[in-house]
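Below: the structure, in structure tokens.
The values are calculated or read from the model by the stated rules, or taken from the named source; none is laboratory data. Source: prediction; values computed, not measured. Please note: Cβ atoms are built from the backbone with ideal geometry, for glycine as well, and neighbour counts cover all protein chains shown. Ligands, DNA and RNA are stripped out before the accessible areas are found, and what is left, the full protein with its side chains, is counted by its heavy atoms. Shrake-Rupley method; radii C 1.70, N 1.55, O 1.52, S 1.80 Å.
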Amino acid sequence: MALAPELKEILACPRCKGDLEFREDVHEIRCHACQLVFRIEDDIPVMLLDEARPLGDRPPGRSGEGGGAP
């Protein structure tokens with residue numbers, strides 16, 4: 001199940017209040033301005049700053065996107 005379009009319209013980064021990139025295929029929401037990634041867990045966005053990870057970090061337990069060498 002995907003995030004509801006209505007939810008995507010109202011969500012904003014909790015830090016900068018800016019626009020987000022929704023990467024539902026990898027269960028992530030990204031804020032490029034703050035360089036943060038928020039996870040989507042059971043179709044629920046976890047928009048807590050304490051739970052966010054830096055954009056360049058890989059989530060624990062997942063392999064990298066696209067393969068290839070780091």
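Provide a single number: the residues in region 1-42 that are charged (D, E, K, R), within 17 Å of residue 59 (Cα to Cα) and part of a loop (DSSP other than H, G, I, E, B).
Matching residues across region 1-42 total 1.
Filter region 29-51 down to the residues that are free of Cβ contacts under 8 Å to residues at least 24 places away in the same chain and in contact with a Pro (Cβ under 8 Å, 6 or more places away or on another chain) and list them by number.
Passing the criteria: 29, 35, 36, 37, 38, 39.
If I ask for residues that are open to solvent by less than 90 Å² (accessible area, probe 1.4 Å), in contact with a strand residue (DSSP E or B) (Cβ under 8 Å, 6 or more places away or on another chain) and acidic (Asp, Glu), which ones from region 3-52 would you list?
Once the filter is applied, which keeps residues that are open to solvent by less than 90 Å² (accessible area, probe 1.4 Å), in contact with a strand residue (DSSP E or B) (Cβ under 8 Å, 6 or more places away or on another chain) and acidic (Asp, Glu), region 3-52 yields 21, 24, 28.
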